[in-house]
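The values are calculated or read from the model by the stated rules, or taken from the named source; none is laboratory data. Quick caveat: nothing in here was measured; it's all calculated off a predicted structure. Note: ideal-geometry Cβ built from the backbone for every residue, glycine included; neighbour counts use all protein chains shown. Ligands, DNA and RNA are stripped out before the accessible areas are found, and what is left, the full protein with its side chains, is counted by its heavy atoms. Shrake-Rupley method; radii C 1.70, N 1.55, O 1.52, S 1.80 Å.
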Amino acid sequence: MRRVLRPGGRLSLAAWGSPERNPFFTTIAMALVQRDLMPPPDLEAPGIFFMASPERTAGLLEGAGFGEIRTEEIAVELPMASVDEYVEFVKDTSGPIAFALMEAPAEQREGLKPQLEEAMAPFATDRGYAFPGVALGA
């Protein structure tokens, strides 16, 4: 990105904050890990939480030659109407989690639903579910 910016150009980016502050992703991932349908994620490897740390993100940007780096947290809310909608959305958009879901036998996928309903209960609203989350802007 630095190479293609004109001199004095600016970069703005957003990355997901830490896993513990983004239950939208971790709720289903932990269920898959607990059922041995997916290995635990490696937070040091590239992935959706790789730039969750403001220090890591700033260090990467500094290493790429950017100066005057500023980071800030951005609160988000991710609404889902139902457990089924949640599973389908994740399956359509979430890389390794999607692959684990698609490769899991049908009976294993069906067995996830009661586990997810229980895990998602704290996020229940009158319209379904609302997952809190945090992104990191830089």
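Below is a table of values for the structure above.
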read-out	value
Segment E88-Q34, length gained on full extension (0.36 nm per residue, minus Cα span)	17.5 nm
Heavy-atom accessible area per residue - the chain, 1.4 Å, Å²	63 Å²
Within the accessible area of the chain (1.4 Å probe), percent carbon and sulfur	55 percent
Average Cα contact separation per residue, the stretch 1-65, under 8 Å, 6 or more apart, as relative contact order %	37 percent
Estimated inter-spin distance, E110 and L43, nm [label 7 Å along Cα→Cβ]	3.6 nm
Backbone N within the stretch 120-138 under 19 Å of label point (7 Å from I74 Cα along the Cβ vector)	131-138
Listed residues G59, M1, P23: farthest to the positive end of the dipole of the stretch 1-60 (Cβ charges)	M1
Per-pair calculated FRET efficiency, R0 = 25 Å: L60 and R21 via Cβ, rounded to 0.05	0.80
Largest to smallest principal axis extent of the C-alpha atoms in the stretch 1-107, angstrom	56, 27, 24
